[in-house]
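Worksheet: the structure to be examined is printed underneath.
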Amino acid sequence: MVDFGYDISNFFEIQPEYGTLDDFRELIAKANELNLKIILDFVPNHSSNENEWFKKSVKRERGYEDFYVWADAKMGADGQRQPPSNWLQFFRGSAWEWNDERQQYYLHQYTVQQPDLNYRNPDVVEQMKRVLRYWLDQGVAGFRIDAVPALFEVEPNENGIYPDEEVSGLTDDKDDRTYLKNELLENQPETIDMIYQWRKVMDDYKRIHGGDTRVLLIETYAPAWYTMEMYGNSTTEGAELPFNFNLITEVDTGFTAQDIYKAVDDWLSQMPAGRTANWVIGNHDRRRAASRYGPQNIDAMNMLVMLLPGASVTYQGEELGMTDGEISWDDTVDPAACNSSPDTYEKFTRDPCRTPFQWNGEKNAGFSDGPKTWLPLAEDYKTVNVEMESQADKSHLKIYKQLVELRKTSKTLQQGSYRYKALDEGVFVLKRYLSGEDTLLFVANFGGASKNVNLLDNFDKTLSDSMSVVISSSNSNKYAGIPTSGKLISLDAGEALVLKAN
């Protein structure tokens, strides 16, 4: 639990804080009753240093000698031991740690307690496939695969020496990973092949055991050309969903409708034919969507990702409009922040988006009956919670549920074509259409002032002038069923609508 579950000491067990294997099997059984699918987070890049594999590798036990990435020290001009290369970890400082017992350094791209597995060793590759099959046998429907771009690093030369990374010029902070280009540590071609191998494990399992597709979702912050290769190619299947973080990385505080357009277009224009798009506005590593986009825009962003073609991914709290919590240095637990200082931790911390989910306005927001929660609650928990939003006439949660229901029932959203445009700095519009079905439109004003929008003249002359409201944002005074003209739609700042063209 050094990195809250991402440092795994046993890939075949359940961490005791969360229960037992029997509890997990009960969860799977109940999910099946409810027609829900359970996927697991698969963390292949590293294990915990408490894992038996690492302990055996330290001792050079047979079969485990090269299970992890080990390297000899470099000797400096002063005769002092130095790391094998200048590589940096994600959590600040050198990516190499000296092990006295083995008398070598091991690579850790995350904390020192998370040694990198060596995927150039076929035994490691097969062992991790066994992990996948084990959990498939337990009944999971697939995996979200963590930190994939870091899976492989370049090989050492014939003398076992790793090359240094070039300086990026992005920062003067020599402990910050972005100080280096990291072209030797990330996005290697072998990683793409490993994804294809994992997909084959999934497909083989379905072929042998039947049932529904076992899905792969890949966490990747990588260049578009590299990410698109994860989908597969003309001869080989890859992941169904390499996560699309464009709406996080390209759309931030102070964004415009043009930023939205670019983020959407950068994915849809490069995605291989026949593959499924996906849309993500938040996760456990980035500030909460409502804090980044502004609370006034959270309904609009939920509408956007629900109406775009493909899969919509929700990070818990987005359906409520939850915002970041305020976390003091004393309350900080994220290793990315703890490895910094009281003066700089807020630049690195991921704790604010990890505060407990807000069920109600009671003690601990209904999340826990313990004396306190693992992180302090966000300050707005008494008004932004499931109970309050379920009782309100109109709320983020009710809008979210309406969007989910629309996706379930609309053939236009499931099968239809699309067109999108930024009409100006503030207004973005998306059209979904399918022959014989209702045409649906999403129109949002992300600007700071009210706008009058003419969709027929400025977006699509083929649209009917006669439209009606299907869903409106919580800050809108328009309600479902209200007729409106496509030639004159008045939108307040932050207002967003789902319309049906009659």
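Would you mind working out the accessible area per residue for the chain, using a 1.4 Å probe, and quoting it in Å²?
46 Å²
Might you work out the accessible area of residue 228 for me, using a 1.4 Å probe with all protein chains in place, and round it to the nearest 10 Å²?
20 Å²
List the relative contact order of the chain as a percent without decimals, with contacts defined as Cα pairs under 8 Å and 6+ residues apart.
9 percent
Based on the Cβ-Cβ distance from residue 360 to residue 482, what FRET efficiency comes out when R0 is 30 Å, to the nearest 0.05?
After rounding to 0.05, the efficiency reads 0.40.
Charges at C-beta only: +1 for Lys and Arg, -1 for Asp and Glu. How large is the resulting dipole of the stretch 1-142 about its Cα centre, in Debye rounded to 20?
I would put it at about 400 debye.
If the only charges are +1 at each Lys and Arg Cβ and -1 at each Asp and Glu Cβ, what is the size of the charge dipole of the stretch 188-252 around the Cα centre, to the nearest 20 debye?
320 debye
For the chain, rounded, prolate or oblate, judged on the Cα gyration tensor with a ≥ b ≥ c (square roots of eigenvalues), a/c < 1.5 rounded, else prolate if a/b > b/c?
Judged from the Cα gyration tensor, the chain comes out prolate (a/c at least 1.5, a/b above b/c).
First measure r as the distance between the Cβ atoms of residue 233 and residue 419, then evaluate 1/(1 + (r/R0)^6) with R0 = 22 Å and state the FRET efficiency to the nearest 0.05.
So the FRET efficiency works out to roughly 0.20.
Could you give me D for the stretch 61-121, from Stokes-Einstein at 4 °C and 1.567 mPa s, where the hydrodynamic radius is the Kirkwood radius over C-alpha pairs? Units µm² s⁻¹, please.
The diffusion coefficient I find is 107 µm²/s.
From the Cα gyration tensor of the stretch 267-414, with a ≥ b ≥ c the square roots of its eigenvalues, which class applies: rounded if a/c is under 1.5, or else prolate if a/b is larger than b/c, or else oblate?
Because a/c hits 1.5 or more and a/b fails to exceed b/c, the stretch 267-414 counts as oblate.
Based on Cβ point charges of +1 for Lys and Arg and -1 for Asp and Glu, what charge dipole magnitude is obtained for the chain about its Cα centre, in debye rounded to the nearest 20?
Result for the chain is approximately 1920 debye, rounded to the nearest 20.
Write down, largest first, the equivalent ellipsoid semi-axes of the stretch 304-376 in whole Å, where each equals the square root of 5 times an eigenvalue of the alpha-carbon gyration tensor.
Equivalent-ellipsoid dimensions as semi-axes: 26, 20, 9 Å.
Using a 1.4 angstrom probe and counting only protein chains, how large is the accessible area of residue 193 in Å², to 10?
Surface open to solvent at residue 193 totals about 80 Å².
Choose one of 70, 141, 195: the residue whose Cα lies farthest towards the positive end of the charge dipole of the chain (beta-carbon charges +1 Lys, Arg; -1 Asp, Glu; about the Cα centre).
Positive-end residue among those listed: 141.
Can you pull out the trypsin sites (Lys or Arg not before Pro) in the stretch 41-150 that DSSP calls coil and that have at most 16 other Cβ atoms within 10 Å?
For trypsin sites (Lys or Arg not before Pro) across the stretch 41-150 that sit outside H, G, I, E and B with at most 16 neighbouring Cβ atoms in 10 Å, the list reads 59, 60, 62, 102, 120.
Would you mind calculating the gained length between residue 490 and residue 59 on full extension (0.36 nm times residue separation, minus the Cα-Cα distance), in nm to one decimal?
Computed gain between residue 490 and residue 59 is 148.1 nm.
Whole angstrom only: what separates the Cα centroid of the stretch 84-124 from the Cα centroid of the stretch 251-311?
35 Å
Rounded to the nearest 500 deg cm²/dmol, what is the calculated helix-only ellipticity per residue at 222 nm for the chain, with -39500 (n - 2.57) per DSSP H run of length n ≥ 4?
Calculated at 222 nm, the ellipticity per residue is -7500 deg cm²/dmol.
How much net charge surrounds residue 293 when only the other residues with a Cβ under 13 Å from the Cβ of residue 293 are counted, with Lys and Arg +1 and Asp and Glu -1?
Computed value for this residue: -2.
Can you work out the Karplus-derived ³J(HN,Hα) for every residue in the stretch 423-433? Use 6.51 cos²θ - 1.76 cosθ + 1.60 with θ = phi - 60°, whole Hz, and x for glycine or proline.
Along the stretch 423-433, the couplings run 6, 6, 4, x, 9, 10, 9, 10, 10, 10, 9 Hz.
The values are calculated or read from the model by the stated rules, or taken from the named source; none is laboratory data. Note that this is a predicted model, so its numbers are computed, not measured. Backbone-built Cβ (ideal geometry, glycine too); neighbour counts: all protein chains shown. SASA here: full protein model, heavy atoms, side chains in, ligands and nucleic acids out. Shrake-Rupley method; radii C 1.70, N 1.55, O 1.52, S 1.80 Å.
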